[in-house]
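Accompanying notes for the structure given below.
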């Protein structure tokens with residue numbers, strides 16, 4: 001029972017990070033059909049930025065998160081305006097090659113600045129201990145990650161379901177041409193969504209820096225997991241991405257804990273079975 | 001009348017496409033020349049030849065059928081491990097049949113995984129190809145008793161080719177053996193893409209909906225070419241194991257899948273010869289640059305990919321095409 005609780009608990013914490021990082025990818029894919037394999041690089045930059053802000057500049061953890069959101073979001077805007085937009089509507093292969101190129105460059109850049117070793121993150125004291133909940137001790141960091149993830153999910157849900165901006169995004173995901181026809185500036189909308197998505201990825205990377213340490217190959221190492229969240233959830237579906245992240249986090253954690261000799265094998269088998277059953281993902285529209 | 005003449009010439013061109021043009025012998029002449037002129041570089045040369053075959057197999061899938069995959073190393077790797085395990089534990093040390101068996105195993109894996117992977121499109125397909133590779137990587141990593149795990153499969157002994165040509169220290173046999181296998185692979189791939197089957201693949205790539213509409217069995221065709229390509233990649237992997245007497249875990253890695261795609265893109269996709277240009281260019285550059293500074297190398301390759309996509313679609317061969325077209329316009 002104890003093992004079960006800690007598997008689920010750790011799995012949920014992991015899932016929150018995966019969700020916050022991947023959700024932007026899901027929305028940009030749903031909106032523009034752009035296969036951005038460099039999305040993980042935004043998360044990596046977020047993690048690295050956290051180490052610099054905290055270790056070098058002595059910024060508190062909580063204050064660093066919004067700074068990182070703005071910073072990585074700004075990088076996202078620049079890249080979208082300069083590079084990505086040239087390839088909307090281009091072939092999938094071109095998009096894949098371009099974004100792999102960006103990943104390679106990010107690897108080189110980060111190891112040039114920070115060196116090839118994973119960067120340690122020194123969490124503030126209040127995140128290092130244990131917190132007692134219902135007579136059990138849980139690591140404070142993971143409790144915080146889950147709480148912060150829940151805030152993001154609530155915020156995203158409110159933002160997309162209850163605001164005008166969200167209504168525009170949903171309309172454009174559903175039917176881009178129709179949305180343009182009724183006067184929505186999809187182009188600008190996409191830049192803003194892209195910035196939001198990359199900013200979120202940055203915060204996710206920073207938030208998860210203790211679980212997924214920032215290192216130059218970050219964007220490649222965890223790429224499969226980010227893509228699983230998007231593909232299993234269904235492109236452009238926030239709810240789908242969340243369910244997929246939860247499944248992935250818990251199954252992966254459980255598999256590695258209970259059957260370490262199989263490594264990550266479980267998650268791949270489960271995911272393939274699921275996609276064989278529903279090729280468009282859990283909440284994706286069937287083609 | 002002029003219209004008719006034009007359409008005839010188009011048909012003629014299609015009918016003549018399978019005939020080998022003189023320029024197509026150039027890579028082979030160069031390869032034989034290298035054997036005699038640069039015999040200090042035969043080890044690198046053999047590696048390049050093997051990767052050319054691997055890139056060629058990828059071109060069938062990416063360039064002709066339009067299936068973008070990030071997991072082709074799965075087939076390369078399973079071929080490599082099959083050949084190694086056969087020789088080490090099965091006592092099957094005869095090289096040529098070893099290649100065939102490894103190719104068959106990779107082909108079956110291509111058929112099985114293709115059955116799942118090819119039902120999807122876009123990002124899901126990309127992810128599934130990556131996952132196929134990652135699964136095999138995990139498997140090879142954990143099954144250390146058979147595969148040697150992270151240390152790789154060592155102690156493989158291979159018989160002389162055709163019972164006559166021993167694998168010598170200078171890599172001469174290795175080079176010529178690889179050259180022969182790559183030539184056969186090239187001839188096969190060339191015949192395939194110029195066959196009606198190959199033309200129908202191009203149709204699928206250009207417009208799958210229309211191919212459905214004219215009654216072509218799109219899924220089956222894609223599955224077949226995926227399996228064929230997997231088999232060729234498996235042969236390339238087996239060749240690598242046989243000639244180096246070693247199978248490293250890297251052959252199954254994502255890096256391997258990414259690298260081969262990069263080489264193919266640099267050369268040019270969907271024309272068979274991209275592999276012959278891109279692979280040597282990449283590997284020779286890597287051999288000279290990456291040794292001193294691997295990270296500068298990464299940056300350079302990344303930048304090159306971005307520039308290729310933004311400015312010169314079609315890779316190095318695309319540049320050549322543009323130059324030739326420009327020269328022809330100015331008499």
Residue, nearest to residue A:8 (Cα to Cα), within segment A:267-282, restricted to residues that are buried (at least 17 other Cβ atoms within 10 Å of the Cβ), touching a helix residue (DSSP H, G or I) at 6+ places or on another chain (Cβ under 6 Å) and at the interface with chain B (Cβ under 10 Å from one of its Cβ atoms): A:267
Give me the pairs: first residue in segment A:258-277 and within 14 Å of residue B:125 (Cα to Cα), second residue not in a helix (DSSP H, G or I), beta-carbon distance under 7 Å, and six or more apart or on different chains, which are they? A:275/B:120
For the subset of segment A:88-102 comprising residues that are within 11 Å of chain B (Cβ to nearest Cβ) and more than 22 Å from the chain's Cα centre (by Cα), which member is surrounded by the most Cβ atoms within 10 Å (Cβ to Cβ)? A:93
So residue A:219, is it under 16 Å from the mean Cα position of the chain (by Cα), over 21 Å from residue B:138 (Cα atoms) and surrounded by 20 or more Cβ atoms within 10 Å (Cβ to Cβ): no
Restricted to segment B:107-122, and to residues that are assigned to a helix (DSSP H, G or I) and touching a helix residue (DSSP H, G or I) at 6+ places or on another chain (Cβ under 6 Å), which residue is surrounded by the most Cβ atoms within 10 Å (Cβ to Cβ)? B:110
Filtered residue count, segment A:31-44, keeping only those that are part of a helix (DSSP H, G or I) and at pLDDT below 90: 2
Complete set of residues in segment B:57-72 that are closer than 15 Å to residue B:107 by Cβ and either surrounded by fewer than 24 Cβ atoms within 10 Å (Cβ to Cβ) or away from chain A (no Cβ under 12 Å) (or both): B:57, B:60, B:72
Selection status of residue A:79, surrounded by 12 or more Cβ atoms within 10 Å (Cβ to Cβ) and either away from chain B (no Cβ under 14 Å) or under 28 Å from residue B:127 (Cβ atoms) (or both): yes
Enumerate the helices (runs of 4 or more DSSP H) found wholly within segment A:168-287, keeping only those where 2 or more residues are more than 30 Å from residue A:144 (Cβ to Cβ). A:176-181, A:186-207, A:265-277
What about residue A:40, is it within 11 Å of chain B (Cβ to nearest Cβ), touching a helix residue (DSSP H, G or I) at 6+ places or on another chain (Cβ under 6 Å) and under 23 Å from residue B:129 (Cβ atoms)? no
Exactly one of (1) under 13 Å from residue B:243 (Cβ atoms); (2) part of a helix (DSSP H, G or I); (3) touching a helix residue (DSSP H, G or I) at 6+ places or on another chain (Cβ under 6 Å) is unmet by residue B:212. Its number? (1)
Going by the conditions given, is residue A:147 in contact (Cβ under 8 Å) with a residue 40 or more places away in the chain and either on the phi < 0 side of the Ramachandran plot or more than 9 Å from every other protein chain (Cβ to nearest Cβ) (or both)? no
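Results for (1) within 11 Å of chain B (Cβ to nearest Cβ); (2) in contact with a helix residue (DSSP H, G or I) (Cβ under 7 Å, 6 or more places away or on another chain); (3) part of a helix (DSSP H, G or I), shown as yes or no for each residue.
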site	(1), (2), (3)
A:46	no, yes, yes
A:51	no, no, yes
A:75	no, yes, yes
A:104	yes, yes, yes
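Taking residue A:140, is it more than 14 Å from chain B (Cβ to nearest Cβ), at pLDDT 85 or above and surrounded by 16 or more Cβ atoms within 10 Å (Cβ to Cβ)?
Taking the combined requirement at face value, the residue satisfies it.
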Segment A:227-237 - residue that is on the phi < 0 side of the Ramachandran plot and buried (at least 24 other Cβ atoms within 10 Å of the Cβ) and, of those, modelled with the lowest pLDDT: A:235
If you go through segment A:106-126 one residue at a time, how many are away from chain B (no Cβ under 14 Å) and either within 17 Å of the chain's Cα centre (by Cα) or surrounded by fewer than 18 Cβ atoms within 10 Å (Cβ to Cβ) (or both)? 7
Residue B:177, sole failed condition from (1) in contact with a strand residue (DSSP E or B) (Cβ under 7 Å, 6 or more places away or on another chain); (2) without any contact (Cβ under 8 Å) to a residue 40 or more places away in the chain: (2)
Is it true that some residue in segment B:291-302 is within 22 Å of residue B:46 (Cβ to Cβ) and surrounded by fewer than 18 Cβ atoms within 10 Å (Cβ to Cβ)? yes
Quick check on segment B:133-147: of everything there that is more than 8 Å from chain A (Cβ to nearest Cβ) and in contact (Cβ under 8 Å) with a residue 24 or more places away in the chain, which residue is nearest to the chain's Cα centre (by Cα)? B:133
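The values are calculated or read from the model by the stated rules, or taken from the named source; none is laboratory data. Note that this is a predicted model, so its numbers are computed, not measured. Cβ coordinates were reconstructed from backbone atoms using ideal geometry, including for glycine residues, and neighbour counts include every protein chain displayed.
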